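Each remark here refers to the structure printed beneath this line.
Nothing in this text is a laboratory measurement; each read-out follows from the coordinates by a stated rule. Not measured: the values here are computed from a predicted model. Note that we place each Cβ from the backbone using ideal geometry, even for glycine, and neighbour counts take in every protein chain shown.
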Amino acid sequence: MNLVTLEEAKQWLEIDLEDTSKDLILNIWIEGISETILSLIGRDIMAKDYIEKYPGTNKNAIVLKHYPINKIAEIAQVLDNQVQSLYEIEEVDINKKSGIIYKDLAWCKVGGSSLMGGFINFPRRHIKVNYNAGYTEMPADLKLLALQMLGEQYAIMTSQGTKKGLKSYSISDVKYTWENESKLSQSQLGIINKYKGARV
């Protein structure tokens, strides 16, 4: 998944859209930079449908794996993959930004126990959530970060030549490393950390 298009990259770099002489290297950079940023984030960020099972928490909140939440289609109690009952969506509060679902009473744990007191230490994932989560459009700050990194690579190419200063290069796995490789600034790292997993 590319964070920017070839047209956006050309506009950012002030390259004529009709000039295709650099399209190959630009596409490689776009793919490589996008993969680098997304691997640093470490999770899917674009909108997708998910069906996942969760154990109870004995609290009134369950933290879903993916966020932000766009829509919850169904929340069900299941046993051996068979739906036993449905939760009323209207009775569930949803923190869309953080991907957390709440209800007044606890999401009770269900499962087995090896202890005399009956404490459930083998919880079963009996709460199935069918939902859509992720960004419906590429966040502007991630797009800007990709363009900034692309601009840095383009500056190296135009000042040193396409191959000069290149330490390693691969088309098959879209990886590249420059001797004068610039490190991410604190503000750029802040953008990545914003999407890594912190929930507000």
* Structure fact -> Counting every C-alpha pair in the stretch 48-133, the percent lying more than 19 Å apart is 37
* Structure fact -> To the nearest 0.05, the calculated FRET efficiency linking K65 and A155 through their beta-carbon distance, R0 being 45 Å, is 0.70
* To do: List every residue whose amide H lies under 5 Å from the amide H of Y67, counting only residues 5 or more places away in sequence or on a different chain, with H placed 1.01 Å from N in the peptide plane.
  => G134
